[in-house]
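Colleague: Pasting a structure below so you can have a look.
Here, each number is a calculation from the coordinates, and none is a lab measurement. Everything quoted here is computed from the prediction, not taken from an experiment. No Cβ is skipped: glycine too gets one built from the backbone with ideal geometry, and neighbour counts run over all protein chains shown.
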Amino acid sequence: MSRYRSFLISFGILSLFFFSLPTLATGTNEKIKVFVSIVPQIYFVEKIGGKYVEPVPMVHPGDNPHNYEPKAQQMAELSRAKAYFAIGVPFENAWLPKLTAVNPKMAMIHTETNIVKLPMADHAPNDGKHTDEALDPHIWLSPRLVKIQAGHILQGLIAMLPQHTDEFKQNHKNFIAELENLDRDLTELFKQTPGKRIMVFHPTWGYFARDYGLIQIPIEVEGKEPKAAQVWKLIAEAKKQKIDVIFAQPEFSAKSAQFIADEIDAKLIFAGALDENWEKNLRTIAAQFKAALR
Ligand code: ZN
């Protein structure tokens with residue numbers, strides 16, 4: 001009896017040990033807090049970092065990544081972050097040095113490295129007043145460019161948590177396959193519409209348009225609402241191109257876009273570029289673009 005009993009007891013202790021192992025393991029693998037500049041990057045970092053990271057965005061939906069100013073509470077949160085995944089949006093120019101000063105031990109990963117940027121689109125590139133000082137920062141809206149960003153995210157995560165290298169590499173491989181699949185679908189969607197035009201308020205879609213053979217006509221001029229004369233030029237252009245849908249962004253004023261839409265009897269659609277469900281959002285907007293092409 002005592003032998004059987006001691007067997008039971010030791011089995012009990014053993015199983016207690018084994019069954020509690022996973023709990024112990026998750027206890028030591030608490031999610032690492034990392035910062036990203038914009039919300040779509042949460043999607044990218046989670047795709048590769050999986051259960052090991054908790055990405056926190058600096059610019060929240062509805063805020064403008066061109067001129068955002070981090071809040072005091074975000075600066076406090078930043079002091080506990082292990083890494084910052086930058087993407088080259090304009091507010092970073094002024095703020096990254098300050099963010100690094102708050103937390104000098106935080107790894108700074110520039111996910112836009114090696115991406116060749118296009119000049120920021122002007123609404124009338126042939127009017128002689130085109131300034132290409134500013135480069136187009138909207139690199140997260142091209143699946144092909146997200147592939148490059150994913151490589152930098154992978155390297156950054158491996159440097160931070162080398163014990164999970166194999167898992168990160170596998171996640172990265174799966175993510176690349178998803179991006180290639182999305183790219184194939186979008187290429188197919190716009191195969192028959194090369195050179196067609198979409199009218200947008202803010203020129204968010206430069207890389208998307210380049211990759212899928214579209215031309216974007218932005219309403220905004222160098223980050224500002226167009227002046228009256230420019231608005232009338234746009235109206236003439238829109239009529240000529242038979243534009244009947246205008247795309248605006250939730251984080252920008254839609255005043256001039258609405259005015260032009262009313263003048264030419266077009267529909268105004270809000271196409272957000274900062275959605276957290278990145279792939280679903282891109283597919284939805286692509287379908288809206290396709291339906292609007294004439
Ligand atoms: Zn923008």
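Colleague: What order, most packed first, do the peptides 152-160, 176-184 have when packing is the mean number of other Cβ atoms within 10 Å of each residue? Write out the running numbers ahead of the final one.
Modeller: Numbers: 152-160: 20.4, 176-184: 14.9.
Most protected by this proxy first, the peptides run 152-160, 176-184.
Colleague: Whole-Å semi-axes of the stretch 190-292's equivalent ellipsoid, largest first, each the root of 5 times a Cα gyration tensor eigenvalue?
Modeller: Details: eigenvalues 89, 51, 29 Å².
Sorted largest first and rounded, they come to 21, 16, 12 Å.
Colleague: Give, in whole angstrom and from largest to smallest, the semi-axes √(5λ) of the equivalent ellipsoid of the chain, with λ running over the eigenvalues of the Cα gyration tensor. Intermediate values should be presented prior to the final figure.
Modeller: Numbers: eigenvalues 434, 97, 52 Å².
Equivalent ellipsoid of the chain: 47, 22, 16 Å, largest first.
Colleague: Can you tell me the orientation of helix 255-264 relative to the chain, as the angle in degrees between its alpha-carbon axis and the longest Cα principal axis, to the nearest 10?
Modeller: 50
Colleague: If one takes the longest principal axis of the Cα atoms in the chain, at what angle in degrees, from 0 to 90 and to the nearest 10, does the Cα axis of helix 2-28 lie?
Modeller: 20
Colleague: Follow-up question, since we're still on this one. Taking the mean number of other Cβ atoms within 10 Å as a proxy for protection, how do you rank 255-264, 111-120, 40-49 from highest to lowest?
Modeller: Values: 255-264: 18.6, 111-120: 16.4, 40-49: 23.3.
Packing proxy ranking, top to bottom: 40-49, 255-264, 111-120.
Colleague: Using a cut-off of 17 Å between alpha-carbon atoms, which lysines can reach Lys290, once sequence neighbours fewer than 8 places away in the same chain are excluded?
Modeller: List returned: Lys191, Lys196, Lys242, Lys267, Lys280.
Colleague: Any idea what angle helix 143-160 forms with the longest principal axis of the chain, computed on alpha-carbon atoms, 0 to 90 degrees, nearest 10?
Modeller: For helix 143-160, the angle is close to 30 degrees.
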